[in-house]
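These notes concern the structure reproduced below.
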Amino acid sequence: MLERSTKYGSPFLNLNAGLDSRDSENWSNMKKVKESFKNSQEGQQLKSQYSPIFVNTLRFSLPILGGIIGKFIGDSYCQPKSVYLRGFYTLLFAGILHRVASDIHNLDQVSYWTKNFHLLPVEIQTMLKTNDARYARKWLQ
C-alpha cells in the first residue's frame, strides 16, 4: 500500500483525477443521482430483486420481531431479578435481526445496480465505474 507521508501530506491522496475517496459531497451527490434515477420513469421500469415495500417493511419489522424474541428468551431463561441480562437479550436479538434486514436491503441495492448495469444510461454507468458523481450531473436535481 502507498502510505508514505511527508510534511505536505500524502502524495498519493488525489491520484484518481483529483477525486478524494473521503469526499462527502461526491458521495452525497452519488446518492442523490441514484435516488433520482430510481424514481424516474426509466428507473421504475428496471427490475429489482425484491419489491421496495417488502424491503422497507423488513427494515422496520425485523428489529421489532427480534426485540420480542429476545424478551421472550430473556424472560424464559433468566431469573426475574436479572433485569440487565433480560434487556441485553432483547437488544442482542433486535440488533441481530436489524443486521439481517440491513443485509437484505444492501443485497437488493447491489443486485439492482449490477443486474441492470447494461440497461443504465451511459452517464450513470460511468459514475458507477469510477465512483465519481461528476459524470451524472444531469441527474442531480
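The values are calculated or read from the model by the stated rules, or taken from the named source; none is laboratory data. Please read all numbers here as calculations on a predicted model, not as lab measurements. Every residue, glycine as well, gets a Cβ built from its backbone with ideal geometry; the counts of neighbours run over all protein chains shown. These area figures cover heavy atoms from the full protein model, side chains too; ligands, DNA and RNA do not enter into them. Shrake-Rupley method; radii C 1.70, N 1.55, O 1.52, S 1.80 Å.
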>> The conditions are (1) free of Cβ contacts under 8 Å to residues at least 24 places away in the same chain; (2) not in a helix (DSSP H, G or I); (3) not small (Gly, Ala, Ser), and GLU123 fails exactly one of them. Which is it?
In response: (2)
>> Test of understanding: among PHE54, PHE93, PHE117, which residue is over 29 Å from GLN141 (Cα atoms) and not basic (Lys, Arg)?
In response: PHE93
> Is it the case that VAL100 is assigned to a helix (DSSP H, G or I) and modelled with pLDDT under 90?
Replying inline: no
> What about ASN56, is it at positive phi, surrounded by fewer than 17 Cβ atoms within 10 Å (Cβ to Cβ) and either more than 17 Å from the chain's Cα centre (by Cα) or at pLDDT below 95 (or both)?
Replying inline: no
> Filtering the range 1-53 down to residues that are aromatic (Phe, Trp, Tyr) and modelled with pLDDT of 65 or more, which residue is nearest to SER111 (Cα to Cα)?
Replying inline: TYR50
> Does any residue in the range 92-112 that is closer than 19 Å to SER48 by Cβ come within less than 7 Å, Cβ to Cβ, of a residue that is basic (Lys, Arg) and surrounded by fewer than 16 Cβ atoms within 10 Å (Cβ to Cβ) six or more places away or on a different chain, and which pairs are these?
Replying inline: ALA101/ARG59; HIS105/ARG59
> Could you say which residue among THR114, THR57, THR90 is part of a helix (DSSP H, G or I) and touching a helix residue (DSSP H, G or I) at 6+ places or on another chain (Cβ under 8 Å)?
Replying inline: THR90
> Among the residues of the range 95-111, which ones are out of contact with any helix residue (DSSP H, G or I) (no Cβ under 7 Å at 6 or more places or on another chain) and not small (Gly, Ala, Ser)?
Replying inline: ARG99, ASP103, ASN106, LEU107, GLN109, VAL110
> Say we look at the range 65-112 and pick out the residues that are aromatic (Phe, Trp, Tyr) and open to solvent by 40 Å² or more (accessible area, probe 1.4 Å); which of these is farthest from the chain's Cα centre (by Cα)?
Replying inline: TYR77
